[in-house]
Every structure is written in structure tokens, then in C-alpha cells.
1. Loosely packed, with under 10 Cβ neighbours inside 10 Å, aliphatic (A, V, I, L, M) and over 18 Å from PHE25 (Cβ atoms): does that describe LEU62?
2. Across region 31-41, what is the total count of residues that are part of a helix (DSSP H, G or I) and surrounded by 14 or more Cβ atoms within 10 Å (Cβ to Cβ)?
3. Go through the residues of region 13-30 one by one and say whether even a single one is in a loop (DSSP other than H, G, I, E, B), modelled with pLDDT of 85 or more and loosely packed, with under 12 Cβ neighbours inside 10 Å.
4. Find the residue count for region 48-67, including only residues that are under 24 Å from PRO86 (Cβ atoms) and either of a type in the set (Phe, Trp, Tyr) or not in a loop (DSSP other than H, G, I, E, B) (or both).
5. Given the conditions (1) at pLDDT below 85; (2) in a helix (DSSP H, G or I); (3) under 28 Å from ILE84 (Cβ atoms), and given that ASN70 satisfies all but one, which numbered condition is not satisfied?
6. Give me the pairs: first residue in region 41-52 and polar (S, T, N, Q), second residue modelled with pLDDT of 95 or more, beta-carbon distance under 7 Å, and six or more apart or on different chains, which are they?
7. Against the definition (surrounded by 10 or more Cβ atoms within 10 Å (Cβ to Cβ), in a helix (DSSP H, G or I), among the β-branched types (Val, Ile, Thr) and at pLDDT 95 or above), how does ILE45 come out, yes or no?
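The values are calculated or read from the model by the stated rules, or taken from the named source; none is laboratory data. Treat the numbers as computed from the prediction; the structure is a model and nothing was measured. Every residue, glycine as well, gets a Cβ built from its backbone with ideal geometry; the counts of neighbours run over all protein chains shown.
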Amino acid sequence: MIFNAVRDISERKQSEEKITRLAYFDYLTGLPNRRLFYDRLRESIAQARRYGQKLALLFLDLDEFKQINNNFGHPAGDQLLQEIAPIAVL
């Protein structure tokens, strides 16, 4: 009986972690999504105000990305995003 309870808790915990990951991270790239970005940005702004610190934000944009999808297809665009994603988090 105890084993079943432990297994049930473990399965539930794994399911909750998976749901959280899907809610806050992009499935394709593994990068934080907009929802997580805005949450962390609000926290960072509040912390900077609280401690009188400055805050910087770097915005990266892929010029003509739509053209890649249109000319080479979405799989090519997905591959480009997957290759660029590790660079974006440096």
C-alpha cells in the first residue's frame, strides 16, 4: 500500500513538472517563452526599483525570418531556431 502511494506521488510530481515546462518553455527550442519572460522581467524591474539598480534588456531579432519559412519551409525555419537558441542564452 505504501509503495502505491509513493508511486502515485512520483507520477503526479512528474506530471506537474511536465505541465510547468510546457507552460513556460518553448517546445521547439527549450527557451523560456513569453509568459516566463514577462514574469521574470516584472520581477527584475521590481527588484531594480527596490534596490535602486539599473536594468538592461537585450532584444534579438532575426531579420527576414518569415522569408526563410516562406522560401524553404517551416522545417528549415525550425532548424534555424534550434541552431540559434543556444547562442541566444549566452
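1. Numbers: loosely packed, with under 10 Cβ neighbours inside 10 Å: no; aliphatic (A, V, I, L, M): yes; over 18 Å from PHE25 (Cβ atoms): yes.
The answer is no for LEU62.
2. Of region 31-41, the ones part of a helix (DSSP H, G or I) are 34-41.
Keeping just the survivors that are surrounded by 14 or more Cβ atoms within 10 Å (Cβ to Cβ) gives 36.
The qualifying residues number 1.
3. Within region 13-30, one or more residues are in a loop (DSSP other than H, G, I, E, B), modelled with pLDDT of 85 or more and loosely packed, with under 12 Cβ neighbours inside 10 Å.
4. So the answer is 4.
5. Evaluating ASN70 over (1) at pLDDT below 85; (2) in a helix (DSSP H, G or I); (3) under 28 Å from ILE84 (Cβ atoms) leaves (1) as the failure.
6. Close Cβ pairs satisfying both conditions: SER44/LEU55.
7. On the way: surrounded by 10 or more Cβ atoms within 10 Å (Cβ to Cβ): yes; in a helix (DSSP H, G or I): yes; among the β-branched types (Val, Ile, Thr): yes; at pLDDT 95 or above: yes.
Yes, satisfied.
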